[in-house]
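Some notes on the structure that comes next.
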Amino acid sequence: MAQERIAPTVAEQRCPNCGTRVTRNAESCFMCGYDLRSQTQRGRRFSWIDVILVAAVLGVLVFWWRVGTESVREADQTDVVQAILPTSIPLMQATVTPTPTVTPPPTATAIPITQETVLLRHIVGAGETLLSLAIQYDVSVEEIQRANNLSSELIRIGDELTIPVLRDSAVAQLRAVTTEFEYIVTSGDTLSTIATKFGSTVESLLTANKLAAGQFIRPGDVLIVPISGAPPEALQVEMENPSAQSGQTGQPATYAQLRLIAPQEGAVVSRTEPVIFEWAGVDQLAENEWYVLQILPRNLAARTLPTTWTKQPTHRLEPSVAPAEGVAADYAWLVSVVRVRRDADGRALLEAASPISSVRTFSWR
């Protein structure tokens, strides 16, 4: 029996164009002539591995794109949330209503005293000097010299001088305690001598009596004399019986000129020490009589001090009104006795109960 040779099975494939079976390594279909080599090449170019790799790359790109988008979105949301967090919103706090307290009454504030200068005209009379005019008008010799361009203290009868009188402003005048008395003009009186007798000023007399500067006054005229520093009891005197006056002559007693004791003429007092004024007093003052001490500035460094009415033949000027360190304040001072009488009409009349004392000067430095 003849031995059959069995040929090995050859792998086959089909033509993609007509479906005819062809061998695997056939280059073309013997039925339709389709080129099987291009199909093979195209199969190798687009394998499943390539597709998977491309898909994996695309998936990674899509993943990172989504992660980036979510991060930006979360950042935006974080900003919005942060903007509305409780720590960013001002909290509404309840307003605390203060407990009502009793408000103390306001303390009166001291009104500052300002001063203004008024220029007065004066005709020099017999016996008048710059020092006497300074005392009469309560100014310094230097101020009179400066206002009149004087190089010396020499003045003559008939000279017309300008006197710069320093006075408190209207506010200060309303605040000042001023007592108004009446005075009957006697022979030889002038406004300046009346002001010097009682510690007033010529300007105050002009204002109180509505007089023009330089206007004459005559014996018997009744003038209002405004005085600052007079004690309240000066207006409480009672009408006296003329027969009860000293000497039983029907006339009030007149004392001799007072003798000054201290400070001595030209004395220099330390600014840290008080100034003690002393004078030889009368035996006994009546109830309606007072010593009147006038301390007058002689230079610009000296303060204007109030007139002092006292029952004692001494007065103490405290260092609190002394000039500043290194400054010399020059003063003049004089003393007299004044009397207040009540006439039948109830008017409070001023009288000079003694001549004015001599004038002394001292320096406080």
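The values are calculated or read from the model by the stated rules, or taken from the named source; none is laboratory data. Nothing here was measured: the structure is a model prediction, and the numbers come from that model. Every residue, glycine as well, gets a Cβ built from its backbone with ideal geometry; the counts of neighbours run over all protein chains shown. Note: accessible area is taken over every heavy atom of the protein model, side chains too, but ligands, DNA and RNA are not part of it. Shrake-Rupley method; radii C 1.70, N 1.55, O 1.52, S 1.80 Å.
Got a sec to turn the phi values of the range 327-336 into Karplus ³J(HN,Hα) couplings, 6.51 cos²θ - 1.76 cosθ + 1.60 with θ = phi - 60°, whole Hz, x for Gly and Pro?
Values per residue, Gly and Pro as x: 10, 9, 9, 9, 10, 10, 8, 7, 9, 8 Hz.
Given the Cα-Cα distance of residue 212 and residue 126 and 0.36 nm per residue of separation, how much length would full extension add, in nm?
Additional length available on full extension: 28.8 nm.
Starting from the amide H of residue 28, placed 1.01 Å from N in the peptide plane, find each other amide H under 5 Å away whose residue is 5 or more places distant or on another chain.
For residue 28, whose amide H was placed from the backbone, the distant partners under 5 Å are 36.
Probe radius 1.4 Å, ligands and nucleic acids ignored: give me the carbon and sulfur share of the accessible area of the range 206-365 as a rounded percent.
Looking at the range 206-365 in its full context, I get 50 percent from C and S.
From the backbone phi of the range 51-66, what are the Karplus-calculated ³J(HN,Hα) couplings (6.51 cos²θ - 1.76 cosθ + 1.60, θ = phi - 60°) in whole Hz, Gly and Pro given as x?
Taking θ as phi minus 60°, the curve returns 4, 5, 4, 4, 5, 5, 4, 4, x, 5, 4, 4, 5, 5, 5, 5 Hz for the range 51-66.
I need the phi-derived Karplus couplings for the range 279-292: 6.51 cos²θ - 1.76 cosθ + 1.60, θ = phi - 60°, integer Hz, Gly and Pro marked x.
So the J values, rounded to whole Hz, are 8, 7, x, 7, 4, 7, 7, 6, 4, 9, 10, 9, 7, 10.
Place a point 7 Å from the Cα of residue 153 along the Cα-to-Cβ direction; which residues of the range 125-139 have their backbone N under 17 Å from it?
125, 127-139
Just need the Rg to Rh number for the range 213-365, please, alpha carbons only, Kirkwood Rh.
Ratio of gyration radius to Kirkwood radius for the range 213-365: 1.02.
Starting from the 7 Å offset along Cα-to-Cβ, what nm value, one decimal, do you get for the label separation of residue 311 and residue 254?
Here the answer is 2.7 nm between the modelled labels.
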